[in-house]
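The values are calculated or read from the model by the stated rules, or taken from the named source; none is laboratory data. Since this is a predicted model, take the numbers as computed values, not measurements. Here the Cβ positions follow ideal geometry from the backbone for every residue, glycine too, while neighbour counts run over all protein chains shown. In case anyone asks, the SASA skips ligands and DNA or RNA and just uses the protein heavy atoms, side chains included. Shrake-Rupley method; radii C 1.70, N 1.55, O 1.52, S 1.80 Å.
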Amino acid sequence: MMGMVFLFAMLETTAKSLSESYPVPLIVWFRYVTHFVLMILLLGPRYRSRLIKTDNPKAQILRATLLMGSTLLYFTALSVLPLATAKSIGFISPLLVTIFAFWILKEQVSRSRWVAVSFGFIGVLLVINPTKSFEWYFLLPVFAAVCYSMYQIMTRHFSNREHPVATLFYTGLVGSILISLVVPAFWVTPQLVDLPKLIFLGLAGAVGHFMLIKAMELEDASFLSPLGYVQLIWVTLFGYLAFDHLPSAMGFVGMTIIVGAGLYVALGQKNRHSEITHVVNE
């Protein structure tokens, strides 16, 4: 789990670095296509026909579309926001899952969890600080979190009926097809020196998701979920080392509130072993 968190922090740092030279759709295309190819090579020999076996093809397509949209929005946010800022705003996803679970799945939500959700959104406002420096692109990680939360709701809805590897396969397949439809309009031939970085995006995503699957086989989600917030430490460090970015004092306070609220909601889901809601957009 900690290996996955570290890989995803490196993935986001690499994506932000590449966004200084390449269009975001091209970066997302390399992310998905490389991931898809590696998944076939790494998991195909073991799982074979189970990779494509599904009883919910329409739901799988919709779910994968939501994740691809989330990735596109989040990578766009990384191109204009500091790493730690984009990540901390994206961590409202567990809070949004609580709202959507109440609204769509009619799940019961305790008063204390509603309080945690409210505090989480206050934390987002502190990170964004709309009275001082609000720009429209602060909304990008919010929209990415909305897409990812709906993706998680769909995962919760049919996770007991679908093999996780098949779900991961359709995520890569559908994402690769959709982004391939638009990437010609943004195509820029990559420089040879940047190809390892572009390929690393897919490698880190594929290996990271595989490590997540293995972690879920060995331990409950309620134990693993809080470990995901360590990613905020990594992206803050990488953001400082690579881009000389550090959140403001108010931003650090907001990040702390968001993480605290998310942890409270995540730890309140001890009976749910089929998902981890903190891993955003990779």
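Below, the figures for the structure above:
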| read-out | value |
| --- | --- |
| Per-pair calculated FRET efficiency, R0 = 51 Å: residue 115 and residue 214 via Cβ, rounded to 0.05 | 0.90 |
| Extension gain, residue 249 back to residue 42 (0.36 nm per residue minus Cα-Cα distance, nm) | 70.1 nm |
| Cβ crowding within 10 Å averaged over residues, with 80-91, 59-70 ranked highest first | 80-91, 59-70 |
| Per-residue ³J(HN,Hα) for the stretch 118-126, Karplus 6.51 cos²θ - 1.76 cosθ + 1.60, θ = phi - 60°, Hz, x for Gly and Pro | 4, 5, x, 6, 5, x, 4, 4, 5 |
| Gain upon complete extension [residue 181, residue 163; 0.36 nm per residue less C-alpha separation] | 3.7 nm |
| Using θ = phi - 60° and Karplus 6.51 cos²θ - 1.76 cosθ + 1.60, couplings along the stretch 8-23 (whole Hz; Gly, Pro as x) | 5, 5, 5, 4, 5, 4, 5, 4, 5, 4, 5, 5, 6, 10, 10, x |
| Heavy-atom accessible area per residue - the chain, 1.4 Å, Å² | 45 |
| Under 13 Å, Cβ to Cβ, from residue 163 - net charge with Lys/Arg +1 and Asp/Glu -1 | +2 |
| Nearest-0.05 FRET efficiency for residue 58 and residue 107, computed from C-beta distance (R0 22 Å) | 0.40 |
| Rounded to whole Hz, the Karplus (6.51, -1.76, 1.60) HN-Hα couplings of the stretch 91-105, x for glycine and proline | 6, 6, 3, x, 6, 5, 4, 4, 5, 5, 5, 5, 7, 8, 8 |
| Global geometry of the chain, whether rounded, prolate or oblate, following the gyration tensor of its Cα atoms and the 1.5 cut on a/c | oblate |
| Listed peptides 177-190, 31-44 by packing density, highest first (mean Cβ within 10 Å) | 31-44, 177-190 |
| Ordering of 247-257, 227-237 by packing [mean C-beta count within 10 Å, highest first] | 227-237, 247-257 |
| Above-threshold pairs, the threshold being 29 Å between Cα atoms, out of 87/197; 16/58; 58/214 | 16/58 |
| Carbon and sulfur %, accessible surface of the chain computed with the full protein complex present, 1.4 Å | 69 |
